[in-house]
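The values are calculated or read from the model by the stated rules, or taken from the named source; none is laboratory data. Quick caveat: nothing in here was measured; it's all calculated off a predicted structure. Glycine gets a Cβ as well: all are built from the backbone with ideal geometry, and neighbour counts include every protein chain shown.
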Amino acid sequence: MPTESSGGAPGATLPPVPATATAKPESSPTDLVLRVLGAIGTGIGILGFVTFFGAAILWVRTDKAELPATEAVAVVPRSVLISTGAQFLFPAVLYAVGLVVLVFLVHFAFRASHIWTTRRERGRITIRSLEAAELGRKALAKQQQWKAAAAVLESLREDLAKAHQREQPSPETTRLEAELDAQRQKAAELQAKAETALSNAAKAQTEVDTRTEKAAAKLERGGEQWASEIAAAVLGLVLVVFIDGSVGRVDGAQAFGLILLALVGAALAVSVYWATENFVWFGVMAFVVVGVYLGTATYFNTHNNAKMQPVAVLRSGHDPVAAAFIASTSENVYVGTFREKETPPRLLVIPRTQVVELAVGPLLDQAVARRRAVTMALNECNQTIKETAAAAPAAGANERQAGAAAESGEEQAGYVRACTPPQERKLEAALKRRT
């Protein structure tokens, strides 16, 4: 039997949303860059990055000393390469952490200001949200009343239809028609109230959502905040040029290259921060950028003024060696000789079994390192060592050392001076020659 629209059940069922195939998001250039950087970082690793710089610095040092650089770096233990690279890259870690803290403080200052200004609005949103919830509960109750009235109206229609089927007027038909009209009016009133309540609840919830979105928008990075954070990041990254001071110690072309490297690195780090809005990624890029800059500056400085570590090696049965230290292992000691008038520098491999005394000095300019190595060798020669069969000198030398020991009264039985007088005279002559 047909029914009137006013008596229909309230509410309508929304049609299901057809399922759509999930489209694969397109890769942006930033995503591609981040994936490439991630792959490079995974392949090289932090230790590989540090080792590379350590090997580059040692290679330049030995090459400037006219030694076989590749062979020298090849014998250097990995731990030495790591410690050498870390010496120059550790400041990059500290600087990157400080830079992230600086940008975060700028970000936090803006966010705290926005939170403070939106605190009262968030209180209003909370109150309005509670009011919207109460309106929703009332609307639901009125909707239930409307449904109950609509069910009663439908039942009266069925009863009236059955009465009409009997095709004879009766008091029951008259009564049912009167009740149907009254119930129809009641259902219409309840429908109007329910629709009004639902409309008010929806408007209140929409107002809450709008206010919430506006408050959240105020907490997002605005143009002023972005400009401040990026300015702090660029300033911090460029400031490393002045803090390091290498630009003033290198020639014009190298200085221009360092400045250009700093600007390009700053642009790359800021671009990653802009794209990701992530402090971790920004910190990683800041470390890489600052590390590459400091490593390049160190490379230029080393190339312009290579320093070496002086070393003095006393050997049993051989003349002492005053040279530049390369590396030391459990089996051998690797040193590089300094240039003599007619003898070019060369790499020496001294077995550990021959080494009696070993002294290594700090990094010095090559001219100073030569003098320091000879001085260290002379100082080591003043030591007394326990005499062994392999270290025993010739008979005449033994007699001279024994006589010297008897005169000084400093040596005990079984101990001899580390160097013979002729060896000491050679070192003294070498020291005077280099004066």
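Some points to look at:
Residue-by-condition table, conditions (1) surrounded by 16 or more Cβ atoms within 10 Å (Cβ to Cβ); (2) modelled with pLDDT of 75 or more; (3) not acidic (Asp, Glu):
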| residue | (1), (2), (3) |
| --- | --- |
| Val103 | yes, yes, yes |
| His107 | yes, yes, yes |
| Arg119 | no, no, yes |
| Thr126 | no, yes, yes |
| Gln144 | no, yes, yes |
| Gln168 | no, no, yes |
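- Listed by first and then second residue, the pairs linking a residue in region 103-128 that is part of a helix (DSSP H, G or I) to a residue that is modelled with pLDDT under 75 and hydroxyl-bearing (Ser, Thr, Tyr), with Cβ atoms under 7 Å apart and 6 or more places separating them unless they lie on different chains, are Ile125/Thr212.
- Selection status of Val80, surrounded by 15 or more Cβ atoms within 10 Å (Cβ to Cβ), among the β-branched types (Val, Ile, Thr), in a helix (DSSP H, G or I) and at pLDDT 85 or above: no
Residues are listed down the side, and each one gets a yes or a no for (1) among the aromatic types (Phe, Trp, Tyr); (2) touching a helix residue (DSSP H, G or I) at 6+ places or on another chain (Cβ under 7 Å); (3) surrounded by fewer than 18 Cβ atoms within 10 Å (Cβ to Cβ); (4) not assigned by TED's automatic domain parsing to the domain that holds Asp209:
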site: Lys138; (1), (2), (3), (4): no, yes, yes, no
site: Ala141; (1), (2), (3), (4): no, no, yes, no
site: Ala150; (1), (2), (3), (4): no, yes, no, no
site: Glu158; (1), (2), (3), (4): no, no, yes, no
site: Thr174; (1), (2), (3), (4): no, no, yes, no
site: Glu177; (1), (2), (3), (4): no, yes, yes, no
site: Ala182; (1), (2), (3), (4): no, no, yes, no
site: Ala192; (1), (2), (3), (4): no, no, yes, no
site: Thr196; (1), (2), (3), (4): no, no, yes, no
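The rows are residues; the columns are (1) out of contact with any helix residue (DSSP H, G or I) (no Cβ under 6 Å at 6 or more places or on another chain); (2) at pLDDT below 85; (3) of a type outside the set (Gly, Ala, Ser).
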| position | (1), (2), (3) |
| --- | --- |
| Ser246 | no, yes, no |
| Ile259 | yes, no, yes |
| Val280 | yes, no, yes |
| Met285 | no, no, yes |
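Residue by residue, here is whether (1) surrounded by fewer than 16 Cβ atoms within 10 Å (Cβ to Cβ); (2) within 11 Å of Pro320 (Cβ to Cβ); (3) at pLDDT 90 or above holds:
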residue	(1), (2), (3)
Glu357	no, yes, no
Gln366	no, no, no
Ala369	no, no, no
Val374	no, yes, no
Thr388	yes, no, no
Pro393	no, no, no
Gly396	yes, no, no
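- Residue within region 295-302 that is farther than 25 Å from Tyr95 by Cα and polar (S, T, N, Q) present: no
- Of the strands (runs of 3 or more DSSP E) lying entirely inside region 273-375, those carrying at least 3 residues that are assigned by TED's automatic domain parsing to the domain that holds Glu428 and within 37 Å of the chain's Cα centre (by Cα) are 321-328.
- Residue match in region 376-384 (condition: under 27 Å from Pro77 (Cβ atoms), of a type outside the set (Asp, Glu) and at pLDDT below 85): no
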